[in-house]
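Remarks on the structure that follows.
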Amino acid sequence: MGPVKSTPVSQDDAAQAPKYSDTALRILEAAERLFVEFGLAATSLRQITQQAGVNLAAVNYHFRSKDALFEAVFARRFAPWARECLYELDRLERDVAAGTAQLDVESVVMCYVRPALALSKDPSRGGALFVRLFSRVLVENHRLLREKLSREWGHLVTRYTEAFGRALPGLSSEAVAWRLHLGFSVMFHAFAGNDILKLFGRSAVSARDPDLIVKHMVPFVVAGMTGVPTGGSDAG
């Protein structure tokens, strides 16, 4: 696999981004740091107001509640990334239709990797901080946020499922769903920069280097997605 070119931020993304006042931005950025470090339940509004240098009335005025603030923190970063993923899939499908590209598992995986790589390298869009928040959201049960994601972005998962289904025509829909679940779990947590091996001692892994993550992760995920079925529900 050669060097990966990051997906650029489009003008449409900038146009669709909510406009926040300076005070609201300070609250969002302080809350983002604290939610990553402590999670939603363990982060208090008092901690957020102290880090943002505002009073509680300002948080209530701009965001109404801690849950609504958490949703705003997440949506501010997630929506542009999700639109870029859809843009990448649209571009791949146009190239396949034009006969200039092949619809295979690696090409679909890269439709996620390029936007994720761009996001992880750009502090102005949350960078690795938001990727770690995203990883935490997937592990913890934030019911309201999960409902919002399902309602507003369920079509993103549908598009990826359909693309992987076409790239893996020999597998059942259940097998494709499982491989998508496992493959995306690996990618989300890899980009979060957690070096699991360091829990047990020294490690040669540079888990905070996004380019190294991509270099080692993509072949691993592609191999898992394209592995020979072992029977049962994997059979088409």
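Please treat every number below as a calculation from the coordinates, not as lab data. Predicted model, so just to flag it, every value in this text is computed and none were measured. A quick note on method: Cβ atoms are made from the backbone with ideal geometry, for glycine too, and the neighbour counts reach across all protein chains shown.
What is the list of residues in the range 127-152 whose amide nitrogen lies under 13 Å from a point 7 angstrom out from the Cα of Ala79, following Cα to Cβ?
149, 152
Between Arg208 and Lys19, what is the label-to-label distance in nm when each label sits 7 Å out along the Cα-to-Cβ direction?
Roughly 3.7 nm, to one decimal.
Given points 7 Å out from each Cα along the Cα-Cβ axis, report the Phe200 to Thr100 separation in nanometres with one decimal.
4.7
In percent, how large is the relative contact order of the chain, given Cα pairs closer than 8 Å and 6 or more residues apart?
With pairs under 8 Å counted, the relative contact order is 20 percent.
Which of the listed residues, Gly127, Asn141, Ser65, is farthest toward the dipole's positive end in the range 51-206, when Lys, Arg count +1 and Asp, Glu count -1 at the beta-carbon?
So the residue furthest toward the plus end is Ser65.
Could you work out the relative contact order of the range 107-236? I mean the mean sequence separation of Cα pairs under 8 Å and 6+ apart, divided by the number of residues, in percent.
Relative CO of the range 107-236 lands at 31 percent.
So how strong a dipole does the chain carry about its Cα centre when Lys and Arg Cβ are +1 and Asp and Glu Cβ are -1, to the nearest 20 debye?
Roughly 640 debye, rounded to the nearest 20.
In Å, what is the Rg of the alpha-carbon atoms in the range 125-236, and how long is Dmax?
Looking at the range 125-236, its Cα Rg and Dmax stand at 16.0, 43 Å.
Just to check I understand the Karplus step: with θ = phi - 60° and J = 6.51 cos²θ - 1.76 cosθ + 1.60, what whole-Hz values come out for the range 72-86, glycine and proline as x?
These are the phi-based 3J(HN,Hα) values: 5, 4, 5, 5, 4, 9, 6, 4, x, 4, 5, 5, 5, 4, 5 Hz.
Would you list which aspartates and glutamates come within 18 Å of Lys19, measuring only between C-alpha atoms, while excluding same-chain residues fewer than 8 positions from it?
Glu29, Glu32, Glu71
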